[in-house]
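No value in this document is a laboratory result; all are computed from the given coordinates. Just so we're clear, the structure is a prediction, and the values are computed from it rather than from any experiment. Using ideal geometry, Cβ is built from the backbone for each residue, glycine included, and neighbour counts are taken over all protein chains shown.
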Amino acid sequence: MTRRNQPTIFLTGATGAIGSRVLEHYLECGSQVLVLVRPREGVSSVQRIGALLAAARLPSQVERRAQVLEGSIEEPGFGLSPVDRQRVIAATDIFIHSAAVTHLGASAAECERANVVGTEHALELARACQRQGHLRRFAYLSSYAASGTGRSGYFAEDSLPAQPVFANEYERTKYQAEMRVREELARELPVVLFRPSVTVGDTKTGRIASFNLFYQMIRILGSGMLSHWPDLRERKVNIVPVDYVARAIQRGLELAWALGRTFHLVSRNGCLLRDLFDLVKVFPYLRIPKLVPVAQWSLSLLSQKEQALHRALEVYLLPYLNDLRLETRNAERLLALPVINPTFLRRLLEYAVKAGYLPRDCFRPAALGPAGAPA
Ligand SMILES: NC(=O)c1ccc[n+]([C@@H]2O[C@H](COP(=O)([O-])OP(=O)(O)OC[C@H]3O[C@@H](n4cnc5c(N)ncnc54)[C@H](OP(=O)(O)O)[C@@H]3O)[C@@H](O)[C@H]2O)c1
């Protein structure tokens, strides 16, 4: 334990949208947090976390509670040096496995290596922490999409459907990984599972470390590059604020009854596309396509170039505009579910504009990246 009895955390995925917020949250609560980070594009692991914490504007004495360990979840033992492995085993009270490949267009092999094999490596290290150290909880970040968004239906918290229909490899490998983690429940690894929905910015500021499919949808639909789109305004996407996700994870890891449970970390009402489109009108440089009644929709309304964009939306976005009904009985015992309202939506868009993700001025088509990120 660190000062004031705060648990020591070992966290993977600390540079991610959720992981970075979990890191900040635990640092602010007084925990020491060991983070597993890989260097990328010539930037060292320490520099990456330094930049992230600087952006979060944490006081330096809070920042100092983060300790960076270099490694990759794809390597056996996360590729940790023997000294670092021993540090993790000796120090960890709570192990949070958040790292994953979340890009919805990632190949089967990429998803398999990070999400399935990476989780296997996490379980091996967690068991070593339990055997040789004093592990109290192993948290696994799954996804509401692990139940398969290819078919609508009712999804329970403490189980996965027997015959899921997956929209992509991300979902398939998150399902496989969650199944493996669930097996460990029977072997008495102290597991708690969290399944967030599409995670968006902070409730009060809109801040988020990276922009996922919710933002990508607005970026593509608001780009003015699609002349027409089917009128799906009555469809919903379940979004959830990142600060709620971090608080719910912490709470789920401290309550005795939560051991062995799974939590759908989702909003109560989700976001209706109608509300989003109404809001987009307020932003001067976002232009939504002309909406065509679904019965009259035809791809021939679009040029070849537009059809490619439309396909990207179909592949990456449509699975998340569905009518999944998610059990939230466990989650509601943790914290009240967040409610999405137009003020919050506006804050999210304002932050995305401020951060340069959505345009302050006219769109440059080349600025559109591939749609990705999890749900
Ligand atoms: N955000 C959502 O909407 C959402 C919704 C439901 C579930 N989830 C789940 O929640 C978890 C966190 O999501 P997120 O949004 O924070 O994801 P994210 O923004 O895509 O970040 C993924 C994280 O995983 C790390 N990672 C990937 N491969 C790695 C490797 N080989 N070695 C070490 N680290 C690796 C990334 O590190 P690099 O920076 O080095 O790439 C990054 O820190 C994931 O398990 C995801 O499936 C997310």
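Return one number: the angle in degrees, 0 to 90 and rounded to the nearest 10, between the long axis of the Cα atoms of helix 118-132 and the longest principal axis of the Cα atoms of the chain.
Rounded to the nearest ten degrees, it is 20.
Would you please give the residues with an amide H less than 5 Å from that of R38, counting only those at least 5 places away or on a separate chain, with H modeled from the backbone geometry?
Sorted by chain and number, the residues that satisfy this are G71.
For segment 335-341, take each phi angle, set θ = phi - 60°, evaluate the Karplus expression 6.51 cos²θ - 1.76 cosθ + 1.60, and give the result in whole Hz per residue in order, putting x for glycine and proline.
Rounded to whole hertz, the list is 8, 5, 5, x, 10, 8, 10.
What is the angle, in °, between the Cα long axis of helix 17-28 and the longest principal axis of the Cα atoms in the chain? Nearest 10 is fine, range 0 to 90.
For helix 17-28, the angle is close to 40 degrees.
Going through the cross-link list K204/K281; K290/K354; K174/K354; K204/K290; K174/K305, which pairs have a Cα-Cα distance over 25 Å in this structure? If you can, show how the numbers build up before the last one.
On the way: K204/K281 22 Å; K290/K354 27 Å; K174/K354 32 Å; K204/K290 32 Å; K174/K305 32 Å.
The pairs that break the limit, which is 25 Å between Cα atoms, are K290/K354; K174/K354; K204/K290; K174/K305.
Pick out, in residue order, every one of the trypsin sites (Lys or Arg not before Pro) in segment 1-70 that is DSSP loop and has at most 11 other C-beta atoms within 10 Å; say none if there are none.
Sparse-neighbourhood loop trypsin sites (Lys or Arg not before Pro): R57.
How large is the translational diffusion coefficient of the chain in µm² per second when you combine the Kirkwood radius over alpha carbon pairs with Stokes-Einstein at 20 °C and 1.002 mPa s?
Numbers: Rh = 21.2 Å.
Value of D from the Cα-based Kirkwood radius: 101 µm²/s.
Could you tell me how many degrees, from 0 to 90 and to the nearest 10, lie between the Cα long axis of helix 242-254 and the main elongation axis, the longest principal axis, of the Cα atoms of the chain?
Its long axis makes an angle of about 30 degrees.
Spelling out what I want: for every residue of segment 87-94, take phi, set θ = phi - 60°, compute 6.51 cos²θ - 1.76 cosθ + 1.60 (Karplus), and round to whole Hz; glycine and proline get x.
4, 4, 4, 6, 9, 6, 8, 10
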